[in-house]
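Asker: Before anything else, here's the structure in question.
Derivation of every value follows stated rules applied to the coordinates shown; laboratory data play no part. Just so we're clear, the structure is a prediction, and the values are computed from it rather than from any experiment. Positions of Cβ are generated from backbone atoms using ideal geometry, with glycine treated the same way; all protein chains shown enter the neighbour counts.
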Amino acid sequence: MFWLLAILAYLLGSLSFAILLSRLTGNPDPRMSGSGNAGATNMLRLAGRKLAVLTLLGDLCKGLLPVLIASAMGLSLQDQAWIGVCAVIGHLFPLYFRFRGGKGVATAAGMLLGLYPPAALLAVCAWLLTFYLTRTSSLAALIATPLTLPLLAWQAPAALLPMSTLTLLIVWRHRGNLRDLFAGRERHF
């Protein structure tokens, strides 16, 4: 059952709401405009608040749903976490969109919400505070994601290895943003 759910999570994660909503509304492909990222932040820049919120909700749900299904089927917390990682990998490398996806932050937040809600709350609070202080979405994601690891190590250690792997993936996907942050060229709102 684990492998079937992992594959289904990847396929669900491969649905890029930013790309689909852009196509449905006649907006430019977010991978070709703005920051070039298929995510909610770029959708806010390109298509406005409504489509950004819909993108955010879609991306959250595709991380949350596979974890909830795995939980309902009685899989261990660690297996649930790995299935959530598969959904995020689908978002990063979507099968349906030539493996060019987003950065996985909202999908990871949905995954965390299903695994251990206090960690998701910590990540959201850290993201919001960092964004409020810096007006920089990438920096907020780079701070919020690793901050969940100590809490998971303490309260949900079975999810620590999958979430650590996911944190490394998210930091790797933000490597261009890191270069821009250090060079003082990162986009701000």
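Asker: Report the semi-axes of the equivalent ellipsoid for segment 133-189 in whole Å, largest first, where each axis is √(5λ) for an eigenvalue λ of the Cα gyration tensor. Write out the running numbers ahead of the final one.
Answerer: Numbers: eigenvalues 133, 29, 8 Å².
Over the Cα atoms of segment 133-189, the semi-axes work out to 26, 12, 6 Å.
Asker: Please report the net charge: other residues with Cβ closer than 13 Å to the Cβ of residue 9, K and R +1, D and E -1.
Answerer: On the way: positive: 62; negative: 79.
Residues close to residue 9 contribute a combined charge of 0.
Asker: Measure off 7 Å from each Cα along the Cα-to-Cβ vector at residue 25 and residue 154, then give the distance between these two points in nanometres to one decimal.
Answerer: 4.0
Asker: For the charge dipole of segment 2-183, defined by +1 on Lys and Arg C-beta atoms and -1 on Asp and Glu C-beta atoms about the Cα centroid, which residue among 95, 7, 114 has the Cα displaced farthest towards the positive pole?
Answerer: 95
Asker: Rounded to the nearest 10 degrees, what's the angle between the helix 137-155 long axis and the longest principal axis of the chain, both from Cα atoms, 0 to 90?
Answerer: Value to nearest ten degrees: 10.
Asker: Fewest first, what order do 35, 164 take by the number of other Cβ atoms within 10 Å? Could the numbers behind the result be given before it?
Answerer: Values: 35 20, 164 15.
Taking fewest neighbouring Cβ atoms as first place, the list is 164, 35.
Asker: At what distance in angstrom do the alpha carbon centres of segment 89-159 and segment 1-70 lie from each other?
Answerer: 14
Asker: How large is the dipole of segment 64-189 about the Cα centre if only Lys and Arg carry +1 and Asp and Glu carry -1, each at its Cβ, rounded to the nearest 20 debye?
Answerer: On the way: 9 positive and 3 negative charges, 110 e Å.
Dipole size: approximately 520 debye.
Asker: To continue, here is another question. At 0.36 nm per residue, minus the direct Cα-Cα distance, what do residue 187 and residue 99 gain on full extension? Give it in nm, one decimal, please.
Answerer: Result: 29.2 nm gained on full extension.
Asker: Let me ask another. Calculate the tail of P(r) for segment 50-189: the fraction of all Cα-Cα distances greater than 25 Å, expressed in %. Walk me through the intermediate numbers first.
Answerer: Working: 2250 of 9730 pairs.
So the pairs more than 25 Å apart make up 23 percent of the total in segment 50-189.
Asker: Residue 133 to residue 1: FRET efficiency via 1/(1 + (r/R0)^6), r the Cβ-Cβ distance, R0 45 Å, to the nearest 0.05? Let's see the in-between values first.
Answerer: On the way: r = 44 Å, r/R0 = 0.97.
The computed FRET efficiency comes out at 0.55.
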